[in-house]
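Reviewing the structure listed below.
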Amino acid sequence: MPEGPYKGEAISKNILSKVLDHYYELRGWDKKTGIPTRRKLEELELRRVADELEKNGKTTSLALSFASVLLAAMAHYAALMQSSR
């Protein structure tokens, strides 16, 4: 850490790796890529996104970027908001 009460302290790569694995697991993301799993996409009602990736021979854990998930989620949310009016 560059400043604050832990100035000069560092987190070991081993501990950071374990913490990230746990965080990714809690979020429903692939531990190797940090990308949402198909299960998580379906939970977010983004099954179409996961289906399209599989249809095109791509897997969600390798092909889906956070940007595309975010855009799809925002579009889905916007559609839900408009339909509820």
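Nothing in this text is a laboratory measurement; each read-out follows from the coordinates by a stated rule. Note that the structure is predicted; figures quoted are calculated from it, not measured. Neighbour counts run over all protein chains shown; Cβ positions are idealised from the backbone, glycine included.
Details
- Ranked D21, D30, criterion: other C-beta atoms within 10 Å, fewest first: D21, D30
- Cβ-to-Cβ counts within 10 Å put I35, I15 in ascending order as I15, I35, the fewest first.
- Taking amide H as placed 1.01 Å from N in the peptide plane, the amide H of W29 sits under 5 Å from that of T37, each at least 5 places away or on another chain.
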